[in-house]
Number of protein chains: 2
Amino acid sequence: MTLDIVGTLRTIVGDGGVLEAAELSKRSAGAYRFDTLKAAALVRPTSTQQVSETLRWCHANGVHVVTHGGLTGLVHGADAEPSDVILSLERMRTIEEIDPKQRTAVVQAGVPLQALQDEVDKHDLAFPLDLGSRGTATLGGNAATNAGGNRVIRYGMTREMILGLEVVLADGTVLSSLNHLIKNNAGYDLKQLFIGSEGTLGVITRLVLRLREKPLATNMAFVGLDSFDAVAKFLKHCDRALGGTLSAYEVMWQSFYRLITSPPAKGRPPIGQDHAYYVLVESQGSDLDLDGQRFTAAMETALESGLIADAAIAQSEEDCRAFWALRDDVGQVLQGGLPIVFDVSLPITAMEGYAETLRETLESEIGEHRLWIFGHLGDGNLHVVVQVKPMEYLALRPKVEALVYRPLAACNGSVSAEHGIGLEKKPYLYVSRSANEIALMRTLKQALDPKGILNPGKIFDPGPVVGGR
Amino acid sequence: MTLDIVGTLRTIVGDGGVLEAAELSKRSAGAYRFDTLKAAALVRPTSTQQVSETLRWCHANGVHVVTHGGLTGLVHGADAEPSDVILSLERMRTIEEIDPKQRTAVVQAGVPLQALQDEVDKHDLAFPLDLGSRGTATLGGNAATNAGGNRVIRYGMTREMILGLEVVLADGTVLSSLNHLIKNNAGYDLKQLFIGSEGTLGVITRLVLRLREKPLATNMAFVGLDSFDAVAKFLKHCDRALGGTLSAYEVMWQSFYRLITSPPAKGRPPIGQDHAYYVLVESQGSDLDLDGQRFTAAMETALESGLIADAAIAQSEEDCRAFWALRDDVGQVLQGGLPIVFDVSLPITAMEGYAETLRETLESEIGEHRLWIFGHLGDGNLHVVVQVKPMEYLALRPKVEALVYRPLAACNGSVSAEHGIGLEKKPYLYVSRSANEIALMRTLKQALDPKGILNPGKIFDPGPVVGGR
C-alpha cells in the first residue's frame, strides 16, 4: 500500500498548508545553496497541535521528518531525501509576549531573529544574539543549532539565552517546558537536550527567551598587533580593563584584513595594513561619558605599554557601523575562486601553532590557493577560509578538510564551534568526540526517537550505544 | 549468597579506602543534620579508574550507589539506605591545572569550592561561583546540583561555568568529555545531562571550569524602598545604569531586615528599619574611580527620582564585608523556634501577590509562627522561612509546605530555585513540572541507568516514560 502523504497532511493542516514534491523544485534549498528542495511533501503547520498531529502520523507510519527554519545553516543539517516530509515552521511566526519587567519574550519557533530584535528594541530591551543571517534565520533554528555569533563573549551562546522550550517529540507528545525563570532546579533541565541537537530529538515549536536591558553606550576600536602573543594578552587586558562590558573581540590575520580593506572591497583600512594581526574590540555599557573614558584609557595603556601597535577608535555610531561592515564583508572570499569555509575552535594557546602548521601543510600539499583566517577570538572560535580554483574545488575539498580538521584532535579543538555537524562534518565528528561520547549520543537518540524518524543521518550514524545496557 | 561488599570494595580501592557500616555511625549525615550516615559501606576512590571499577561491580551485582560530595545539600539529596554503598569523592581533591591564558581550571570532583577560589586568586583570576558553604561544598557537588549562590545575576548558575566533565556512567563506562572551549557544537552537549541531575545519571569525577579575570573594584549599597513596584523598577534601573557590572541584587522584606539588624543579632542597621523592602546591590568592575562614580551616580538618580527612599553606600572594603555579613546572617532564623526553609523562584511580577497570599494563609491556617522572606531577587529566587514552635514542627511542616508550594503552580514558579529536589521536594515536583516532563526525566533515567542503581528514589519515582516508545 502506498501512503497518501500529501492527502493525509492536508487533513491535518488544511489544503494551503502542504506543498507537493513538484512545487518544491521552485524553492531554494537554502540561503547559500544553488540547488532546490526535494521531499515527498513540505508541511507548514500553524500550531503546536498541528505539529503534534503531523509527527504522530509520521511516527506511526515510519515517515522521516526534516524540520526547517530559515535554512541559513552551513553544514547540510536540514537536507531531506525525496521520500522525507519537510516540516517548515514558516507559518508559526508570532511573537506572543514581551514582558519588560520579567524581561522575557515568548515566541513561536518560526519568528526570524531580527523580528524579535526589532520588537524588543521598542521596549528599550535587547535580545543579544546576533549573526549575519539575522533577517532570515529563525529563533527555532537558532535554538536547534545553538547559534553563536558576534557577542558570545558577553552573553554566551543561544543556549544561555533560552529559559524554556515547547518541543514536540518524535511520537507527537507535546513537551511543554515553558519555564520563565533564571533559576529552576526542579529536576533535569530538559530543554538542554534539544538545544543544539539539530532537530534529531524533537521539533521546537515555542521558546521563552531571556531579554536584557538595552545597552546605552557602544565603544569600538580597530587595533593592530605585531604578534599572536600580544593578541592573547590584549584579550586579557580588555577583559579586565573593560570589566563586564567587553562585548566583542574579533581577530583577523593580516591577509584577511588586506582582503576586506583593499579594492575591489569597498572598505578602507582604518589603520595601516602591515600589522601581523588585527582586532576589532567593542564594549557595550551604560554611560556614554564614563564608558568612553574607560575605553579610551584601556586603549591608551595598551598602546603606551607596547602591547598594541596602533589603534583607531570609533568616534561616532557611523564609525562603529563602518568597523562592523568590514568584519562582515566576508563575501570578499568569493573573489577569484571558490572558498571552502571552516568554523573551528581551539585553545588560544594552540592557535598560533595551528595556523602556522595549516599554512605549511596547505603550501606543501595543495596547489595554488589562498588562506584567510579570522574569527571570534574571545570565544576561541576561528573561521578558516581556503580558496581554490573552481575547477579543482571538488577534488581538493576532502584534502583541505583533512588538513584543517586532523590537527584539532591533538589540541582538543572542535571541528564545529558554532555551525553544528549536520551531514557535512559527520565524517570528522570523531576528531572532537570520543567513541563513548558518540555512543552516548546514540543512547539518547534511541531513547527519544527509537524509530529514527527525526532528521535521520544528521550528526552521527546509528551504531553502538552506552549507558548500563 | 551474601555479597561481600566491603571485601570487594577493598580489593578495588585498598583497605584504607573503605569504611564499614559500624564506622559510619561516627560520621555526620551532613552540614545541617543531627543524624549520622547509614550504609553498607562507604568507599573512597582516589582515581576515576577506581570509581569505574566500583560502579562496574555494583552495577553487575545490583548494589545501589549514593555519591557524596561535601554534604551541604538541603533537600536530602544524598541520603542512603542501610544496604547502599556510599561513594565519597573526598580523596579526589586535586586541582590538576590552572591555565591563565585559556582561563580554565581542571579539578577533581572532590575539590572544595573555596580551595579553587583561593588558588585561582593567586593567578589574578576568579571562579565566580560563591555560596555560604564554600569551605565544605565540593565542585562535583556544585555541578551535580547546579548550585546557584550570590552572583548568578552576573555569571549564571554553576551550569554556565562548566566547560567539560568526566563522568562515570552506571555500568562503569568512563565518559571523558573534558572540553576546554567556550564554543563547541560538535554534536549533543552531553555534560548538560549530568549538571543538576543530583547524581542519578552518573558520577562526576573531573571538571573543566571557566575562569574569569578577577574584578578590580567592588561597589555596594544598602537601599530602602517603600513598595515592591519600586524594588522591581530599581532592579531595571541598576541593570541599565551599571551596565555589565551588576553582580548582586539581594532583597529583604522588612521583617528579615529587622531580624538581622536587631539584638541578639550582631549586625546594626545601615539605614532605618521602617522601609517595606531592602536591597543589597553590588557591582564588580575594573576601575575604582570610574566605577565608583558610576555607582554613586546610579544611586543618586534613584534617590532624586524617588525610586528609592534611602541608601547607605559602602565606603570601604570593610563596609562591603559588613553588608555581606548582614545578608549571610541567616542563622538568626534559629532564634526562638525551628525554621522551615524554602527556596522557590517565581516571576518578579508575581512576587508581591505571592508573599501577601502566603502571609494571609499562614495567618489563618497555622498558629503562632514567624515569616521571613529574602533572596536573590535579581534571579527571581526567594528564600521563605517559616518559624514554628519546636514541639509543633513535625505536625506543621507538611501544612506549611503545601501553603508555600501550591500557589507556585498558578504563577509558573518553581519549588526549587537552586537547592534541587532530592527526597524532600519530590512530592511537590509536579507543582513545577508537567506529567510529560517527569515522564521524559524517567526516559533519560531508564536510558542511562536501566538498573536504577544511581542515587535511587531521588527527584522522582519510577513510572511511565515518553518519547516515541
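The values are calculated or read from the model by the stated rules, or taken from the named source; none is laboratory data. Everything quoted here is computed from the prediction, not taken from an experiment. As a convention, Cβ positions derive from the backbone with ideal geometry for all residues, glycine included, and neighbour counts pool all protein chains shown. Heads up: the accessible areas ignore ligands, DNA and RNA and are worked out on the full protein's heavy atoms, side chains in. Shrake-Rupley method; radii C 1.70, N 1.55, O 1.52, S 1.80 Å.
What to note about this one:
- Distant-in-sequence amide H partners of A:K214 (H built 1.01 Å from N, under 5 Å): A:L125, A:A126
- ³J(HN,Hα) computed for each position of region A:43-49 - Karplus, 6.51 cos²θ - 1.76 cosθ + 1.60, integer Hz, glycine/proline x: 10, 10, x, 10, 8, 4, 4
- Helical content of chain A, expressed as a calculated mean residue ellipticity at 222 nm, amounts to -10000 deg cm²/dmol (DSSP H runs of 4 or more residues, -39,500 (n - 2.57) each, divided by residue number, nearest 500).
- Working note: Cα gyration tensor of region A:217-330, eigenvalues times five, square-rooted, sorted largest first, giving semi-axes of 22, 17, 11 Å.
- Cross-link pairs A:K236/B:K183; B:K191/B:K236; A:K122/B:K183; A:K191/B:K236; B:K183/B:K236 - those with Cα-Cα distance over 21 Å: B:K191/B:K236; A:K122/B:K183; A:K191/B:K236; B:K183/B:K236
- Ratio Rg/Rh [Cα only; Rh per Kirkwood] for region B:298-358: 1.07
- Shortest-first nm distances, A:E160 label point to equivalent points in other copies (7 Å, Cα→Cβ): 0.6
- Region B:95-213 - Kirkwood radius from inverse mean 1/r over Cα pairs (Å): 14.1
- Global form of region A:336-389, assessed from the alpha-carbon gyration tensor, a/c cut-off 1.5: oblate
- Summed buried accessible area for B+A [probe radius 1.4 Å, Å², rounded to 100]: 8000
- What a 1.4 Å probe finds exposed on region B:182-287 is 47% carbon and sulfur by accessible area, rounded to a whole percent.
- Copies compared at A:E392 - label distances in nm, ascending, label defined 7 Å from Cα in the Cβ direction: 8.6
- Volume in Å³ per residue [convex hull over Cα atoms, computed for region B:5-88]: 88
- Couplings 3J(HN,Hα) for region A:389-400, derived from phi with the Karplus relation 6.51 cos²θ - 1.76 cosθ + 1.60 (θ = phi - 60°), are 5, x, 5, 9, 3, 5, 6, 7, 3, x, 5, 5 Hz, where x marks Gly and Pro.
- Residues whose amide H lies under 5 Å from that of B:L163, counting only those 5 or more places away or on a different chain, are B:V208, B:L209, B:R210; hydrogens are built 1.01 Å from N in the peptide plane.
- Sorted from nearest, the other copies put their A:G463 label points 3.8 nm away, the label point being 7 Å from Cα in the direction of Cβ.
- Rule-of-thumb Rg ratio for region B:1-45 [Cα; 2.2 N^0.38 Å; N residues]: 1.25
- Dimensions of region A:336-429 based on its C-alpha atoms, expressed as ranges along the principal axes with the largest first, amount to 35, 28, 22 Å.
- Surrounding net charge for A:F323, when Lys and Arg each add one and Asp and Glu each subtract one, Cβ distance under 14 Å: -3
- Low-density loop cleavage sites - trypsin sites (Lys or Arg not before Pro) in region B:90-142, where at most 15 other Cβ are within 10 Å (DSSP): B:K101, B:K122
- Kirkwood-Stokes translational diffusion coefficient of chain B, alpha-carbon pairs, 10 °C, 1.306 mPa s, µm²/s: 67
- With 0.36 nm allotted per residue and the present C-alpha distance subtracted, the B:D310-B:K389 stretch has 24.9 nm of extension available.
- Separation in nanometres of the label points that stand 7 Å from Cα toward Cβ, at A:D4 and A:D35: 3.1
- Percent of Cα-Cα distances greater than 20 Å, calculated over region B:170-267: 65
- Expressed in units of 2.2 N^0.38 Å, where N is the residue count, the Cα radius of gyration of the protein assembly as shown is 0.94.
- Nearest 10 degrees, 0 to 90: helix B:435-448 Cα axis against chain B principal axis: 40
- Per residue convex hull volume, Cα atoms of region B:389-433, in Å³: 84
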